[in-house]
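The values are calculated or read from the model by the stated rules, or taken from the named source; none is laboratory data. Just so it is clear, the structure is predicted and the values come from calculations on it, not from any experiment. Cβ coordinates were reconstructed from backbone atoms using ideal geometry, including for glycine residues, and neighbour counts include every protein chain displayed. What goes into the accessible areas is simple: the full protein's heavy atoms, side chains included, and nothing from ligands, DNA or RNA. Shrake-Rupley method; radii C 1.70, N 1.55, O 1.52, S 1.80 Å.
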Amino acid sequence: MTEFQPVLSLRGIHKAFDGLVAIQNFSLDLFSSKIVALVGDNGAGKSTIIKVISGIYPPTSGEILLEGEMVNFSNASSSRSRGIEVVHQDLALVDEQPVYMNMFLGKELTKTPFGLLDKARMRQESQNLVDGLDVRIPSTNLAIRNLSGGQRQGIAIARAVHWASKLILLDEPTAALGVAETAKVEELVSSLRERKLAILLISHSLDQVFRLADQICVLRRGEQIGIRETCKTNKNEIISMITGVD
Amino acid sequence: MEGSYLFSKRLNLQKNLIYFGFLGIFLFFAITLYNDGFLTTRNLTNIVLQTAPATIMAIGLVFVLSSGEIDLSFGSIVAVSALTTALVLQSAPLIMGIMAGLGAGLAIGFFNGILVAYLRLPSFLVTLATMGLFAGIARSMTNLRSIPVLNDTFTGIFGSGKLFSIPSLVIWTILAVLIGHIVYRHTRFGAHILAVGDNARAAQVSGISVARVRLYALTLCGGLAGLAGMLYAGRLQAAKYTLGESDLMTVIAAVIVGGTALYGGKGSIIGALFGSLMMGMLNNGLILMGLDVSDQMIVRGVIILLAVALSLRNFNRI
Ligand SMILES: Nc1ncnc2c1ncn2[C@@H]1O[C@H](COP(=O)(O)OP(=O)(O)OP(=O)(O)O)[C@@H](O)[C@H]1O
Ligand SMILES: [Mg+2]
């Protein structure tokens, strides 16, 4: 595997929902230690791209290559097992369950000999994780229902960071956050480069996008308008690409 | 944050309502019915023996409700399973009878599960329909006749037998509650049931097979209803289409009062056990009080309404 092989390649992805075309002819390469921002207005198809990559929606046509190998994820568990993690726009947390069960949702730890849940270890590892990422919660035993919006977002991000080994997809990870929390998440996202992860970030904040991203990919009503190097473009250009108005 | 954490701990009165309710009703009958023999070991044992099938059904229902679905057909499954066992035992050995009864329950539960999980039909309507369908099949299986169960080993294991002087129905109850609780609270299957019932989308994007979880929950509920049917057949030494018919309301009430959410995501097996025992105690106490059947129904209805209202009342809901 060479340095320059993309972690993930999308080639000519189309996605239609019963006639409604959500994505057409979308192609993108994601490289390790690089952040690509995906921007576009509401309904442009950003979340749909993420769901296609993670196997939640099958693409209508097009190819997905993971480290050069063609993949065809039929559900989230197959993409997760290949090191792809998502922070979903709605966070995908289970309200009545404690933090530690959410951290291990779908990947619960068990112990021998009966294969029962290893709650003590899940608690401990969750605690280490939230401490390491500086997510401040009173206890990992607390149900998600009892957490603030920012704390929930922190848990969803911590979970993705914990499990991702190749690629992390973040769908508006700072949407519910205050100024200080946003800064903290941005710092975290930036630090993911050091873990050699490829990162796709969806955000409506162009300031944030220009702070974090190496490349910016613009989507308008399912159509890929273009990809720009952050250092070679400016907000005005991106805004006119998003809106289609010069 | 810390504040609301403490607050939710203190509010456990509502969460533990079933245990207070159970104790309250027990004390009430113990005092008012002392002279009528409520407190005798024999009467108390009787309550546990009589509630054994309902408790087993309640465990199945906890799994189904927690997964965000409902099963209204378990009463009919009880009858079909009991009759199937009784018919098979007439000409086949013990093990065949047991497998047939359990198999019938699992098969009907599986049928419900396929319709609900893979065709995405609402479980309320599916199981309302199969409740009627299998009640009809139970009637036509034997032309409304009652089928005697003469296999002594069977009636021993599932009815009047004892092990180390513990009645077999008590052993079945303890086993089912213990295993049910462990599966519910301490296995990945239990965790996935709760996740699916709470937020099916979150479960799906975490890689949990939502459809399979729903299918298994309904199948398990059918299997447990089958076991309940065999317990009825064992204790009564006969099977009839009426078995399980009157358990629907009692079992749903027991489960809800026991702290299981009607719309999924949380519940309790131990709570369901106490809910079921409370319903049994209520039946027993009202009979000992000398109420006639219509008064019993009224009092029981009012108490169930009260208990359900108290346990479902959410003071923060708009
Ligand atoms: N499951 C679905 N069934 C039908 N249409 C869908 C489905 N999911 C998304 N769509 C449609 O696809 C289009 C793109 O939706 P998507 O959620 O990807 O937008 P988005 O760019 O993430 O928007 P936002 O910024 O508001 O989150 C929308 O028109 C939406 O209605
Ligand atoms: Mg979106």
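Listed values, structure above:
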{"read-out": "Failed condition for A:Gly43, given (1) within 16 Å of ligand 1 (Cβ to nearest atom); (2) within 14 Å of chain B (Cβ to nearest Cβ)", "value": "(2)"}
{"read-out": "Residue, nearest to A:Leu129 (Cα to Cα), within segment A:141-162, restricted to residues that are away from ligand 1 (no atom under 16 Å from the Cβ) and under 12 Å from the mean Cα position of the chain (by Cα)", "value": "A:Ala158"}
{"read-out": "Helices (runs of 4 or more DSSP H) wholly inside segment B:126-231 containing at least 2 residues that are open to solvent by less than 60 Å² (accessible area, probe 1.4 Å) and either within 16 Å of B:Met57 (Cα to Cα) or aromatic (Phe, Trp, Tyr) (or both)", "value": "B:168-186"}
{"read-out": "Inter-residue pairs, beta-carbon under 9 Å, first open to solvent by 80 Å² or more (accessible area, probe 1.4 Å) and in segment A:214-234, second within 16 Å of ligand 2 (Cβ to nearest atom) and in a loop (DSSP other than H, G, I, E, B), 6+ apart", "value": "A:Arg221/A:Gly40; A:Arg221/A:Asp41; A:Arg221/A:Gly43; A:Arg221/A:Ala44; A:Arg221/A:Gly45; A:Glu223/A:Ala44; A:Glu223/A:Gly45"}
{"read-out": "Subset of segment A:13-32 (residues that are loosely packed, with under 14 Cβ neighbours inside 10 Å and within 16 Å of ligand 2 (Cβ to nearest atom))", "value": "A:Phe17, A:Leu20"}
{"read-out": "Given (1) open to solvent by 50 Å² or more (accessible area, probe 1.4 Å); (2) over 14 Å from A:Val185 (Cα atoms); (3) outside any helix (DSSP H, G or I), number of the condition A:Asn128 does not satisfy", "value": "(3)"}
{"read-out": "Contacts under 9 angstrom Cβ, first residue in segment B:193-210 being farther than 13 Å from A:Ala92 by Cβ and more than 7 Å from chain A (Cβ to nearest Cβ), partner open to solvent by 40 Å² or more (accessible area, probe 1.4 Å) and among the basic types (Lys, Arg), 6 or more apart", "value": "B:Gly197/B:Lys266"}
{"read-out": "Scan of segment A:61-76 for residues that are of a type in the set (A, V, I, L, M, F, W, C) and open to solvent by less than 70 Å² (accessible area, probe 1.4 Å), ordered by number", "value": "A:Ile64, A:Leu65, A:Leu66, A:Val71, A:Phe73, A:Ala76"}
{"read-out": "Any chance A:Asp118 is farther than 18 Å from B:Val205 by Cα, exposed (fewer than 15 other Cβ atoms within 10 Å of the Cβ) and free of Cβ contacts under 8 Å to residues at least 60 places away in the same chain", "value": "no"}
{"read-out": "Residue within segment B:211-230 that is touching a residue at least 24 places away in the same chain (Cβ under 8 Å), farther than 30 Å from A:Val86 by Cα, touching a Pro at 6+ places or on another chain (Cβ under 8 Å) and away from every other protein chain (no Cβ under 14 Å) present", "value": "yes"}
{"read-out": "Search result, residues across segment B:30-73 that are crowded, with 21+ Cβ neighbours inside 10 Å and of a type in the set (Phe, Trp, Tyr)", "value": "B:Phe38, B:Phe63"}
{"read-out": "Matching residues in segment B:252-274 - criterion: being at pLDDT 95 or above and either closer than 18 Å to B:Gly75 by Cβ or in contact with an Asp or Glu (Cβ under 8 Å, 6 or more places away or on another chain) (or both)", "value": "B:Ala272"}
{"read-out": "Selected residue (criterion: nearest to ligand 2 (Cβ to nearest atom)) from residues of segment A:33-60 that are touching a residue at least 24 places away in the same chain (Cβ under 8 Å) and open to solvent by 50 Å² or more (accessible area, probe 1.4 Å)", "value": "A:Gly43"}
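So that you can scan it fast, the table gives a plain yes or no per residue for (1) more than 15 Å from A:Ile202 (Cβ to Cβ); (2) of a type in the set (A, V, I, L, M, F, W, C); (3) assigned to a loop (DSSP other than H, G, I, E, B):
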{"residue": "A:Phe4", "(1), (2), (3)": "yes, yes, yes"}
{"residue": "A:Lys15", "(1), (2), (3)": "yes, no, no"}
{"residue": "A:Gln24", "(1), (2), (3)": "yes, no, no"}
{"residue": "A:Ser32", "(1), (2), (3)": "yes, no, yes"}
{"residue": "A:Ile50", "(1), (2), (3)": "no, yes, no"}
{"residue": "A:Gly62", "(1), (2), (3)": "yes, no, no"}
